[in-house]
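Trainee: Structure in structure tokens, see below.
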Amino acid sequence: MQWHDTGSFGMIFVIVLVAFILFNIYRAETKKKELYIRRIPGLNAIDDAIGRATEMGKPVLMVPGIGGLNAISVQALNIFAQVSKAAAQFGTPIRLCVADAAVFTVAQEVIRDVYQQQGLSEKFDPDSVRFVTDRQFAFAAGVSGLILREKVAAAFFLGEFFAESLIFAETANSIGAIQVAGSTEKSQTPFFIAACDYVLIGDEFYAASAYLTRQPILVGSLVGQDWCKILIAACVLFGFMVNSYQRTQTTSLQRMPWSEAEPEAWAQLTPEEQGNFEAVEVMKDTGTPTLVKKENTGLYRVFNPMRDRESLTVTREKKAVVAPLGGGE
Amino acid sequence: MTQSQIDLFNAIKITCGVLATLGLYSVLYKETKFFRFFEHVFLGLAAGYAIVALWKETLYPTWWLKMTGVMNEGVMAEPAYWVYIILLPIGLLGYFVFSKKHNWLSRIPIGIILGLWAGQQVQIWWQTNGPQIYSSMQPVIPTETTSFFKPITTGAGFTPERIAEINAQIWPSQAINNFIFVVTLLAAFTYFVYSIELKTPVLKGFNKLGRWMLMIGFGAIFGSTVMARFALVIDRMYYLWFEWLESIMRVFGR
Amino acid sequence: MTPEKPTFFEKIQNVDKRILYLILIVLTTIPLFPMFSSIVLPNEPAPHSQAFYYQLMSVPEGKTVFIQSDWTLSTRGENAGHIESLLRTVMSKKLKFAIYTVADPQAPGVYRKYIQSVNAERKRAGMKEYKQWEDYVDLSYFPNAEGTLNAIGSDVRKIFNKRVKDPASGKDRLVFESPVLKDVVKVGDVGLYVVITASNSFDRTVERLSDKTKVVVMCTGVIGPSTLPFFQSGQIKGASIGLKGAVDVEYMMKYGLNYPDSTGKIKVPWSGKEELKADPVVEGMTIARGSLYFMSFHAAIALLILAVTVGNIGMFMARRKKA
Amino acid sequence: MDFLAQVDPRVNFWATQPGSVEMWLKILVGLVISAGAIFALIKMPTRGRRPVVMAFTFLCGLFYVLLWIWPSPLNRKPDEIARSPAEGVSFLLADTLPIVATITNILVAILLGLGVYSLIRLHGGRIIKRHADRGFSVVLLVSMLTITVFGYLDWGMRTFGDKEGKLLDIANWGFVNLGADLLFDGLLQQMDSAMFSMIAFFILSAAYRAFRIRSVESTVLMASALILMVSLLSAVVVVWNGNVTNLAAAMNVPLANPSIGEAGALNFLKISNIASWVTSFLQTPALRAVDFGIGLGALAMGLRLWLGLEKGGVSV
């Protein structure tokens, strides 16, 4: 039965995905001609928004979500780097409100770099990048207060937003600011859709920096992601065909826990052994052919590897018992 | 403290809460000084509490106690893993961010945090998405066509075997639903393909369909979220009126 | 745009927000008054609530349940109903439980409050109170959700390496010496793993633990939609979602599931699962907070739907006028 | 590696007796060494910088990747010895996980000082520059200071001054405990809930404004939202479904419940079934597509960060 154990399938699958992404990054870096990316409306709006803010002489607000420091907030900061580049050129004031100390550290540096690269270091006001608080709703209160007081003309909410998303969106909407929003939390996207002018749905957010900067690495990895999506889609297509076919067949082999297959043998085991062998499953020939059940399809087996008894019989020698110092554990 | 003192304290506490709530709610009408006051109190308290929590909830239990160990009635409960000390200087490197010359050092703690996060993404991808991929592979060929809909087992007096048999079958109605499921998934998927130009009308249409399906999905989320939010405001009202009155009444011994 | 003053229809398609807000406040408050609170609205529990209640009621007496309570006062409106009905059921079924949080340092304070209040309520009704160490252990807060959940999956005894006071000896002892956890070697040994959450800490729990133990969830309506796929793919065994979920559970606590009352009538049928059956809760309160708030909820939704309809009518009529 | 494994013997080079001179000495040495290391880094030539940062990032990421890719031990008991070096590694990884898991939180906590510094600089600056809003800045700083003081005093009393847990009972509280509780439980948490519950109002106004039958998109958005909302109103549901049942009885068509795949002809008219159909066969797949996309995005971004491929913006 060993060949039934497909535990490594998931790992291979992920490795393939990783390979796709890395290969395309390599491809994009070596290739001369630029790879195609479809238009993403929300992002074309960035310049108009900043332009409008400049006319009104009002600041541009940016919020990279309230999540901790991870790829999402880094991604948001990458986009905001582009935004503040434009803002710096127009001389539009910016407000970047952050809810996490680590993100704040990165933000400080990124934005300062942007101004330096533009040769406008003296224009950079360190207070334009603010740590408001790391408490969700205090942050919400602080930011919406800022929105109302400073009458921001454009607001960018990109990153990991939770319940507070609608507080920001509605507040900014009430003073008629242009809003570009996108959240990796799909449960918040509807509220952005309801209250914002432009919304990045799902991983358009991840596509954004590739779209804006056209850096080969980013574009390449975006193409790689597309390959992965196509692979997954193909899997689903293939899978539902195979399943559809196989479910119409009959079989007398039934997959079941070993404890059910051989109750009497099971009963003889010590509780500890039973603990070890809980996961053990066997294919039992029931003799009576029945319609193939979900649990007996080949694909089910691929995605839910079957452990047999041999693979779980493990005997190791115990540690020498040391006198637990002062009766710890 | 006596019971009456406790009641008094609770009454004061809840009254403060009520005032604060009203203060923040006032922004629904207009951004006033009243709101601004409570907003700044809120921000101050939040920041202050963070300062307390950073030691009391993170550093003390997960760092200091590990580093200096735990004694329990004079005997060692946990040994002291002194090497934890190196995390302090690493963390402090972050403070170089304000230095003009050495700000690159602040990227070391950042790099560590991001590295750990990145590694985890690779680790958990399959655990999260594998089962989802499998459960999308819905069978779409009916195995039983004697009835379009699945026969009703409810109170039909079938034997358990018969019911199991019926449930094992794929009935036409289910097959259609599953087909809709797969199509919706793939349509929504094409919406997220960026590098392929959607030239043919078929692809364009599929893409548009995908966007509509997404909108349906988001609408559904909106609908079910409404419950959560209204539950909160209802609970607030309960607090504003009833819990407050109750606490006041207790003080006046009713 | 229009110089002449707006027509009636233009008015009703942009009513001042504040008026809507005021109406909402009034509508949500009135049904909370005592004279309404006695009413129990008719209900049809959702399938995932039914699965949840069945899983909970089918845990054998005396077994241990893990409760991961990841919410704070800010979602009291929904989660309070959840934890109250959960504790009432667990206590009336005489299950032991270990309660802790991986999400928020404030969460322990919150769930302690509810353990106390439910205990007090049982005391008033003359039922047995739940005691730390014998009946439950409170493991409070574990920072870093991912890490903790990984560890719970791989080696629960290592991560739950905490001490609580043993009333017998008055000493702090390792929780695994307590009656509650002495039989728990790996997370698979627990009767049920209940997550009460208001955040996506829940997804992490599924990622780390769904293959190792029976996970069920009580979550806010926001998290709800993202839990349903897990319920479909069988990674979680049941879900009580939002206020409705709380009401469903309270309702089944009162009437049972596939449970014939004295007249033999089944109040809550679980169609397709006739063979399965769950009794109502025998002692203590059943219908409570959830059902009380449910009235106001109906009023609020009615207002929302009304507002949307009026807005659309206004828009159409105004258009027709223009044309 | 004993440090990582945290195994017996309970006292070794890495694990010392708590409070012993040896411990403090080792801690001191550790500090000195790392100070030296920092000094070395400061002297580091410019081109050496990026590799250093990348090395840190890579190694940290590598831990979880190893944890994932390395075969995990079967049926391991806490007191067992690895059979082979390979299994030894897997044991080590498993034992190390709880420690590595805490690193992020510790670092972020240490970094919090930066945030507080920026707050104080902003509002202190306002007070000095006699900004119009300086009064509020004072309020902010004062409330920050107060809760900090009360918080630490309260914590100290509970942790060190209260071995037998008297303070768990409010009756034994003193001024400090009451103050801390008032500030945290009475104000801070209530303000959280207040702000949170405010969303309900915004939902109302947002729905009123956005749910208009303008385009196909806004219409389907509204339709599915309304269906879901109505399906939550159990009073409406019971009546609606009751009518469907009567109708079915009148036409004597059998009814059943599609939530498990069963269906009778008129069943889809039941509001609860329409809703559950929408969620299971339209919402679930649509959002699953979003999930796959986001998952892949995170995976790709993670790879780029881990391997140091990110350029510009944040180049760690």
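The values are calculated or read from the model by the stated rules, or taken from the named source; none is laboratory data. Predicted, not measured: the structure shown is a model, and the values here were computed from it. Please note: Cβ atoms are built from the backbone with ideal geometry, for glycine as well, and neighbour counts cover all protein chains shown. Only protein heavy atoms, including side chains, enter the accessible area calculation; ligands, DNA and RNA are left aside. Shrake-Rupley method; radii C 1.70, N 1.55, O 1.52, S 1.80 Å.
Trainee: Within segment C:278-286, is even one residue open to solvent by 10 Å² or more (accessible area, probe 1.4 Å), more than 13 Å from every other protein chain (Cβ to nearest Cβ) and closer than 30 Å to C:VAL26 by Cα?
Mentor: yes
Trainee: Residues being modelled with pLDDT under 85 and outside any loop (DSSP other than H, G, I, E, B): count how many of those fall in segment C:246-277.
Mentor: 1
Trainee: Additional query: With the structure loaded, tell me whether A:PHE168 is assigned to a helix (DSSP H, G or I), of a type outside the set (Gly, Ala, Ser) and at pLDDT 95 or above or whether it fails that test.
Mentor: Criteria met by A:PHE168.
Trainee: Give segment D:109-153 a look and list any residue that's within 27 Å of A:GLY68 (Cβ to Cβ) and basic (Lys, Arg), or say none.
Mentor: Once the filter is applied, which keeps residues that are within 27 Å of A:GLY68 (Cβ to Cβ) and basic (Lys, Arg), segment D:109-153 yields only D:ARG121.
Trainee: Those residues that are small (Gly, Ala, Ser), closer than 17 Å to B:TRP241 by Cα and more than 8 Å from every other protein chain (Cβ to nearest Cβ), I need them from segment B:1-20; list them, please.
Mentor: B:ALA11
Trainee: May I pose another question? Give the residue, chosen from B:MET1, B:MET67, that is outside any helix (DSSP H, G or I) and in contact with a Phe, Trp or Tyr (Cβ under 7 Å, 6 or more places away or on another chain).
Mentor: Going through B:MET1, B:MET67 in turn, just one is outside any helix (DSSP H, G or I) and in contact with a Phe, Trp or Tyr (Cβ under 7 Å, 6 or more places away or on another chain): B:MET1.
Trainee: Which of (1) polar (S, T, N, Q); (2) open to solvent by 10 Å² or more (accessible area, probe 1.4 Å); (3) within 12 Å of chain D (Cβ to nearest Cβ) does C:THR227 not meet, given it meets every other one?
Mentor: (2)
Trainee: Cβ-Cβ under 7 Å, sequence separation 6+ or interchain: first residue in segment C:40-63 and under 15 Å from C:LEU95 (Cα atoms), partner in a helix (DSSP H, G or I). Which pairs?
Mentor: As it stands, the answer is C:TYR53/C:VAL249; C:TYR53/C:MET252; C:LEU56/C:THR89, since those pairs meet every condition given.
Trainee: Given the criteria among the aliphatic types (A, V, I, L, M) and exposed (fewer than 13 other Cβ atoms within 10 Å of the Cβ), does D:ALA35 qualify?
Mentor: For D:ALA35, the condition - among the aliphatic types (A, V, I, L, M) and exposed (fewer than 13 other Cβ atoms within 10 Å of the Cβ) - is met.
Trainee: Can you tell me which residue is modelled with the lowest pLDDT among those in segment A:67-91 that are in contact with a Gly (Cβ under 8 Å, 6 or more places away or on another chain) and buried (at least 24 other Cβ atoms within 10 Å of the Cβ)?
Mentor: Once the filter is applied, the top-ranked residue is A:ALA71.
Trainee: Restricting to segment A:182-199, what's the tally of residues that are more than 10 Å from every other protein chain (Cβ to nearest Cβ) and either surrounded by fewer than 24 Cβ atoms within 10 Å (Cβ to Cβ) or modelled with pLDDT of 95 or more (or both)?
Mentor: Matching residues across segment A:182-199 total 2.
Trainee: Also, quick follow-up: Which pairs do you get when a residue that is in contact (Cβ under 8 Å) with a residue 12 or more places away in the chain, found in segment A:244-262, comes within reach of a residue that is open to solvent by less than 30 Å² (accessible area, probe 1.4 Å) and polar (S, T, N, Q), reach meaning Cβ atoms under 7 angstrom, with the pair 6+ apart or on two chains?
Mentor: Within 7 Å, the pairs are A:GLN246/A:THR297; A:ARG247/A:THR297; A:THR251/A:ASN296; A:LEU253/A:ASN296; A:GLN254/A:ASN296; A:ARG255/A:ASN296.
Trainee: Would you mind finding the one in C:TYR259, C:TYR251, C:TYR293, C:TYR255 that is facing chain B (nearest Cβ under 10 Å), among the hydroxyl-bearing types (Ser, Thr, Tyr) and under 30 Å from C:GLN68 (Cα atoms)?
Mentor: Only one candidate passes the filter, namely C:TYR293.
Trainee: Among A:VAL302, A:VAL282, which is in a helix (DSSP H, G or I), among the hydrophobic types (A, V, I, L, M, F, W, C), open to solvent by 30 Å² or more (accessible area, probe 1.4 Å) and more than 24 Å from D:ALA82 (Cα to Cα)?
Mentor: Step by step, each of A:VAL302, A:VAL282 is checked, and only A:VAL302 is in a helix (DSSP H, G or I), among the hydrophobic types (A, V, I, L, M, F, W, C), open to solvent by 30 Å² or more (accessible area, probe 1.4 Å) and more than 24 Å from D:ALA82 (Cα to Cα).
Trainee: Outside any helix (DSSP H, G or I) and surrounded by fewer than 23 Cβ atoms within 10 Å (Cβ to Cβ): is that true of B:SER195 in this structure?
Mentor: So B:SER195 fits the description; yes.
Trainee: Pick from segment A:206-249 the residues that are outside any helix (DSSP H, G or I) and facing chain B (nearest Cβ under 10 Å): which of them is surrounded by the fewest Cβ atoms within 10 Å (Cβ to Cβ)?
Mentor: Only one residue tops the list, namely A:GLN249.
Trainee: Same structure again: For segment C:51-166, which helices (runs of 4 or more DSSP H) that fit wholly inside it have 1 or more residues that are touching a helix residue (DSSP H, G or I) at 6+ places or on another chain (Cβ under 6 Å) and modelled with pLDDT of 90 or more?
Mentor: In segment C:51-166, the matching helices (runs of 4 or more DSSP H) lie at C:76-92, C:107-124.
Trainee: Farther than 30 Å from D:SER205 by Cβ and touching a Gly at 6+ places or on another chain (Cβ under 9 Å), is that true of A:SER252?
Mentor: When the stated conditions are applied, A:SER252 passes them.
Trainee: Pull up segment D:62-92, narrow it to residues that are surrounded by fewer than 16 Cβ atoms within 10 Å (Cβ to Cβ) and hydroxyl-bearing (Ser, Thr, Tyr), then point me to the one that is nearest to the other protein chains (Cβ to nearest Cβ).
Mentor: In this case the residue turns out to be D:SER72.
Trainee: Ok, one more. What's the number of the condition D:ASP95 fails, among (1) assigned to a helix (DSSP H, G or I); (2) buried (at least 20 other Cβ atoms within 10 Å of the Cβ); (3) not aliphatic (A, V, I, L, M)?
Mentor: Here D:ASP95 meets the rest and fails (2).
Trainee: Can you confirm whether segment A:314-327 contains a residue that is farther than 30 Å from B:MET76 by Cα and either buried (at least 16 other Cβ atoms within 10 Å of the Cβ) or modelled with pLDDT of 85 or more (or both)?
Mentor: The answer is no; no qualifying residue exists.
Quick grid of which residues meet (1) touching a helix residue (DSSP H, G or I) at 6+ places or on another chain (Cβ under 6 Å); (2) at pLDDT 90 or above; (3) facing chain B (nearest Cβ under 8 Å):
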site: D:GLY156; (1), (2), (3): no, yes, no
site: D:GLY161; (1), (2), (3): no, no, no
site: D:LEU168; (1), (2), (3): no, no, no
site: D:TRP173; (1), (2), (3): no, no, yes
site: D:LEU188; (1), (2), (3): yes, yes, yes
site: D:ARG209; (1), (2), (3): no, yes, no
site: D:ARG212; (1), (2), (3): yes, yes, no
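Trainee: Also, quick follow-up: Give C:SER154, C:SER74, C:SER58 a once-over and let me know the one that is open to solvent by 10 Å² or more (accessible area, probe 1.4 Å), over 23 Å from B:ILE14 (Cα atoms) and facing another protein chain (nearest Cβ under 9 Å).
Mentor: After ruling out the rest, the residue left standing is C:SER154.
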